[in-house]
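Here, each number is a calculation from the coordinates, and none is a lab measurement. This is a predicted model, so every value here is computed, not measured. Glycine also receives a Cβ, built like all others from the backbone with ideal geometry; neighbour counts cover every protein chain displayed.
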Amino acid sequence: MTTPSVEPPQTSDRGAAIRKVVIVGGGTAGWMAAAALARHLASTDIAITVVESSEIGTVGVGEATIPTIRRFYAQLGLTDADVMSATQATCKLGIRFEGWGGPRSDFIHPFGLYGQDLNGVGFHHYWMRQAETGDATPLSAYSLGASLALANKFVEPSPNPPSSLSVFDWALHFDAALFAQRLRRYAEGSGVTRIDARIATVKLRAQDGFIDRLVLDNGREIEGDLFVDCSGFRGLLIGEALGTPYEDWGDWLACDAAYAVQTENTPGDAVAPYTRVTAHQAGWRWRIPLRHRTGNGLVFSSAHMSDDAAQAALMANLQGRPLSAPRRIDFRPGRRRQAWVKNCVALGLAAGFLEPLESTSIALIENGIERLKALFPDRDFAPAVLEEFNDQSAREMERTRDFIILHYWLNGRDEAFWRERRETAVPDTLRRKVDLWKARGAFVRYRWEMFHPASWLAIYDGLGLMPERVDPAVQGIDPVQLRQGLWGMRDAVADMVERTTSHDAFLARFGGVS
Ligand code: FAD
């Protein structure tokens, strides 16, 4: 158990540059922070140390990403091929939602656009106007990302707009432990020091309560100027030592536990280029295909489903042989009231958690790191720096939370858990978005949004919430021209899918699937 203890006063460090950064934790967050800071601070003599405990281990899940991960490792100079080879990765074009709108509901949230906006009017208005003429072409037929995903195909997007191949993006499903190992190699190669030990005590300075040093279980002491807390759910520094409260979002997001298990791949089965999230009576299951195995899990509300029922529902729906017994992980949706307190910045699970429905946790880590780089402090830890970091982090986390709540709010299922989700009041920030969408088919765009309008459109459409009327500018459009324009786009997408090879063929470049 860690007990904060107080040290005698020392001289002020006001205005002086940071000399030592200590990162606590060697999970995905810790090694992402170490690699990115090593790169960012390469021209300085700032020493970076990672303290992790192989005895404690990591949370051991977190395999689905969103496209920003590719920007993250590109900044380190790593290519897609480097990371895909090192992490047994597959490609991810989006997330397939099954059963969320009702028993037969099935749609993809792709990473990319639908059709083409025209004259300042969103494409969906043209599509809705066309639907009023009786055309049942689904919105997904206008998304190259969704259409490739549903056909189990994959091609890399063109970096050069306005190519029709530039309208979608992709991410990775990867083995998170292998990803952390790859980043560790990178960080250690860039001069980061790793210490494998358990932190026993966190010592605070008497004059200001800042973290002074860590005392390891072998008695060694690690001093630092800036501490980055990547210690996982427990928040060893930010929570246990500094006492930063946790804001609980359980009233909005009822799921609080998961069971996870890995299975063998089934030889000959096509590997889906998407994450599958299937609703069940009190939560949802995930399926994440990797090249050497498949990640499976079941997220549930412990108030609505027993442990036994949750495990049984997970195991009954596996497709391959389980590689271990299912592992339970409890969580609390919410965030630290402040992600940066005194000389401690929390990243990853230590900063907060949202269930992995839209694969947002690793992306939140990336953005936290970017923010830390942009606001990298001196030893005076100017209050304005902390305030800005905390404000941006809070806004981003709240916007992301609202997006997750939307999936539950719009569900079309009958079980008690799902009825309650529809009836639970949502945050005003979300209500405002949905009200505008219903009234005008438009999107409220706040700052620090992780998800763009096309993502909101995917969920609105997938769960059947469409605006009350089409944009006035589209109402009188010539129907023949409209049909020709839309069908031209639809056929171009279909043609591109036809000409694209399978996801499996793409993965063969990296050694294929085992
Ligand atoms: P951890 O992995 O828990 O690492 C904590 C580190 O701190 C470890 O190295 C540990 O040894 C160290 N530590 C702790 N205490 C001490 C101590 N006293 N002394 C020394 N070291 C210590 N995210 C996604 O983006 N996509 C997903 O698909 C996804 N799925 C998820 C599914 C579930 C069920 C859960 C719970 C999370 C999921 N996440 C997902 C989130 C993702 O797993 C995490 O964001 C990510 O792994 C980062 O974790 P972390 O590094 O913050 O913490």
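For the reader, a short list of remarks on this structure follows.
- For the stretch 222-264, the fraction of alpha-carbon pairs in successive 5 Å shells from zero, as %: 5, 14, 17, 17, 17, 12, 8, 8, 2, 0
- Spin-label model distance (nm) - E156 vs K373, 7 Å beyond Cα toward Cβ: 2.1 nm
- Kirkwood estimate for the stretch 102-231, i.e. one over the average of 1/r between Cα atoms, Å: 20.5 Å
- Across all directions, the average flat footprint of the convex hull enclosing the Cα atoms of the stretch 356-514 is 16.3 nm².
- Value of [θ]222 nm, deg cm²/dmol, for the chain, DSSP H segments ≥ 4, -39500 (n - 2.57) each, nearest 500: -10000 deg cm²/dmol
- Rounded Å value of the spacing that divides the Cα centres of the stretch 309-328 and the stretch 28-64: 31 Å
- Each Lys and Arg contributes +1 and each Asp and Glu -1, all at the Cβ; summed about the Cα centre of the stretch 162-223, the dipole is approximately 140 debye.
- For the listed peptides 426-437, 142-153, a ranking on the average number of other beta carbons within 10 Å per residue, highest first, reads 142-153, 426-437.
- One way to sum up the overall shape of the stretch 219-373 is the equivalent ellipsoid from its Cα gyration tensor, whose semi-axes run 33, 19, 14 Å, largest first.
- Long-range HN-HN contacts of R213 with modeled amide H, under 5 Å: K203
- Total charge dipole magnitude, the stretch 284-393, about the Cα centre, Cβ charges on Lys, Arg, Asp, Glu only, Debye to nearest 20: 520 debye
- Inter-label distance for H452 and S502, nm, one decimal - labels placed 7 Å from Cα along Cα-to-Cβ: 3.1 nm
- Dipole of the chain, positive direction: furthest Cα of S361, S190, A439, with charges on the beta-carbon: S190
- Leading residue at positive end of dipole, the stretch 48-126 (Cβ point charges), from I95, M84, V50: I95
- Taking 4 °C and 1.567 mPa s as conditions, the stretch 4-149 diffuses translationally at an estimated 63 µm²/s according to Stokes-Einstein applied to its Kirkwood radius (Cα pairs).
- Ratio of Rg to Rh over the stretch 348-438 (Cα coordinates, Kirkwood Rh, two decimals): 1.09
- Residues R104 and R431, FRET efficiency given R0 of 30 Å [Cβ-Cβ distance, rounded to 0.05]: 0.60
- One equal scatterer on each Cα of the stretch 277-358, no solvent, Debye formula: the resulting log10 I(q)/I(0) at q = 0.14, 0.25 Å⁻¹ is -0.60, -1.25.
- Cα Rg over Rh - the stretch 85-179, Kirkwood: 1.04
- Between A442 and S302, residue separation times 0.36 nm minus the direct Cα-Cα distance comes to 46.7 nm.
- Overall size of the stretch 146-293 from C-alpha positions, given as principal axis extents largest first: 62, 44, 37 Å.
- Ordering V480, V493, V470 by Cα displacement along the dipole of the stretch 458-514 toward the positive end leaves V493 in first place; charges were set at the Cβ atoms of Lys, Arg (+1) and Asp, Glu (-1).
- Mean separation of Cα contacts under 8 Å (6+ apart) over length of the chain, as relative contact order %: 23 percent
- Radius of gyration over Kirkwood radius for the chain, both on Cα atoms: the Rg/Rh ratio is 0.98.
- Taking other Cβ atoms within 10 Å as a rough exposure proxy, E52, E396, E423, E221 sort from fewest to most as E423, E221, E396, E52.
- Backbone N under 17 Å from the Q75 label point (7 Å along Cα→Cβ), restricted to the stretch 331-360: 345-348
- Two-decimal log10 I(q)/I(0) for the stretch 429-514, as the Debye equation yields it once each C-alpha is a single scatterer, q = 0.16, 0.17 Å⁻¹: -0.90, -0.94
- Dipole in debye (nearest 20) - the chain, about Cα centre, beta carbon charges: Lys, Arg +1; Asp, Glu -1: 340 debye
- Projected onto its three principal axes, the C-alpha set of the stretch 321-361 covers 48, 20, 15 Å, listed from the longest axis down.
- Euclidean distance between Cα centres, the stretch 408-470 to the stretch 226-290, Å: 23 Å
- Contour excess over end-to-end distance, with Cα ends at A136 and A16 and 0.36 nm allotted per residue: 36.7 nm
- Between the alpha-carbon centres of the stretch 357-390 and the stretch 128-196 there is a gap of 24 Å.
- Whole-Hz ³J(HN,Hα) from phi, Karplus 6.51 cos²θ - 1.76 cosθ + 1.60, for the stretch 93-110, glycine and proline x: 9, x, 10, 9, 9, 10, x, 6, x, x, x, 9, 5, 7, 8, 10, 9, x
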